[in-house]
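**Student:** So that we are looking at the same thing, I have put the structure below in C-alpha cells.
The values are calculated or read from the model by the stated rules, or taken from the named source; none is laboratory data. Given the structure is predicted, the values throughout are model-derived calculations rather than measurements. Note that each Cβ is placed from the backbone with ideal geometry, even for glycine, and that neighbours are counted across all protein chains shown.
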Amino acid sequence: MACFADKPENILAWLGPAIGPAAFEVGPEVREAFIAKETNAHEAFEPHGEKYLANIYQLARQRLANVGVEQIYGGDRCTFSENETFFSYRRDNTTGRMASFIWLI
C-alpha cells in the first residue's frame, strides 16, 4: 500500500476467480510459509489427510485488512469446481489462459 498516493481506507479491492477453499490442497511447507509471514494465517488452512486445504481468498482478505484496506469484495468463484466457466490446470492438467487486471482511478 506504500506505493499508492491514497489512504488504505480509500482503496477498493476485488478478488477475482481463483481456486476455492475446498479444492486448493497444499503441503505443510506452504502452510508454514504463510504462517511465518502472518501468524493468523493458520485460520485459512484446514487439515486434509497429510496436507491442508487452503482458503486463498481468506489469506488475501487477511493481508489486505492488515494494511488497512476495508473495502474487499469478490472471492466467491472457484476456478476448479466451475469447470464450464473457468480454466484450471489442477483440474484438467492442460494449459489454458486467464487474465487479471488492476484498475487505478
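**Student:** I'd like the full set of residues that are assigned to a loop (DSSP other than H, G, I, E, B) and surrounded by fewer than 17 Cβ atoms within 10 Å (Cβ to Cβ), limited to region 37-66. Let's see the steps before the verdict.
**Tutor:** Within region 37-66, the subset assigned to a loop (DSSP other than H, G, I, E, B) is 38, 49-50, 55.
Selection gives 38, 49, 50.
Conditions (1) basic (Lys, Arg); (2) in contact with a Leu (Cβ under 9 Å, 6 or more places away or on another chain); (3) without any contact (Cβ under 8 Å) to a residue 40 or more places away in the chain, marked per residue:
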{"site": "54", "(1), (2), (3)": "no, no, yes"}
{"site": "62", "(1), (2), (3)": "no, no, yes"}
{"site": "71", "(1), (2), (3)": "no, yes, no"}
{"site": "76", "(1), (2), (3)": "no, yes, yes"}
{"site": "87", "(1), (2), (3)": "no, no, yes"}
{"site": "92", "(1), (2), (3)": "no, no, yes"}
{"site": "102", "(1), (2), (3)": "no, no, yes"}
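**Student:** Out of curiosity, is residue 35 in contact with a His (Cβ under 6 Å, 6 or more places away or on another chain) and farther than 17 Å from residue 69 by Cα?
**Tutor:** Details: in contact with a His (Cβ under 6 Å, 6 or more places away or on another chain): yes; farther than 17 Å from residue 69 by Cα: yes.
For residue 35, the condition - in contact with a His (Cβ under 6 Å, 6 or more places away or on another chain) and farther than 17 Å from residue 69 by Cα - is met.
**Student:** Could you identify the single residue in 30, 26, 69 that is of a type outside the set (Ser, Thr, Tyr), more than 30 Å from residue 6 (Cβ to Cβ) and out of contact with any Phe, Trp or Tyr (no Cβ under 7 Å at 6 or more places or on another chain)? Steps first, answer last, please.
**Tutor:** Working: 26 fails: out of contact with any Phe, Trp or Tyr (no Cβ under 7 Å at 6 or more places or on another chain); 69 fails: more than 30 Å from residue 6 (Cβ to Cβ).
Testing whether each residue is of a type outside the set (Ser, Thr, Tyr), more than 30 Å from residue 6 (Cβ to Cβ) and out of contact with any Phe, Trp or Tyr (no Cβ under 7 Å at 6 or more places or on another chain) leaves just 30.
**Student:** Taking into account only those residues within region 75-105 that are under 21 Å from residue 11 (Cβ atoms) and at pLDDT below 75, which is surrounded by the fewest Cβ atoms within 10 Å (Cβ to Cβ)? Full working, then the answer.
**Tutor:** Going residue by residue through region 75-105, those that are under 21 Å from residue 11 (Cβ atoms) are 75-76, 100-105.
Next, from what is left, pick out any that are at pLDDT below 75: 100-105.
Details: 100: 7, 101: 5, 102: 6, 103: 6, 104: 7, 105: 3.
In this case the residue turns out to be 105.
**Student:** Take the residues of region 61-105 that are charged (D, E, K, R) and farther than 17 Å from residue 20 by Cβ: which is nearest to the chain's Cα centre (by Cα)?
**Tutor:** Here the residue is 63.
**Student:** Got a number for residues in region 76-97 being assigned to a loop (DSSP other than H, G, I, E, B), closer than 21 Å to residue 58 by Cα and not aromatic (Phe, Trp, Tyr)?
**Tutor:** First, pick out the residues of region 76-97 that are assigned to a loop (DSSP other than H, G, I, E, B): 76-77, 79-88, 93-97.
Restricting the remaining residues to those that are closer than 21 Å to residue 58 by Cα gives 76-77, 79-82, 86, 88.
Checking the rest, the ones that are also not aromatic (Phe, Trp, Tyr) come to 76-77, 79, 81-82, 88.
Selection size over region 76-97: 6.
**Student:** Taking residue 69, is it out of contact with any Asp or Glu (no Cβ under 7 Å at 6 or more places or on another chain), assigned to a helix (DSSP H, G or I) and surrounded by 13 or more Cβ atoms within 10 Å (Cβ to Cβ)?
**Tutor:** The answer is no for residue 69.
**Student:** Oh, and also: If I filter region 15-27 for residues that are among the aromatic types (Phe, Trp, Tyr) and out of contact with any helix residue (DSSP H, G or I) (no Cβ under 7 Å at 6 or more places or on another chain), do I get at least one hit?
**Tutor:** Checking region 15-27: not a single residue is among the aromatic types (Phe, Trp, Tyr) and out of contact with any helix residue (DSSP H, G or I) (no Cβ under 7 Å at 6 or more places or on another chain).
**Student:** Output yes when any residue across region 11-34 is within 18 Å of residue 102 (Cα to Cα), surrounded by 12 or more Cβ atoms within 10 Å (Cβ to Cβ) and β-branched (Val, Ile, Thr), and no when none is.
**Tutor:** Yes.
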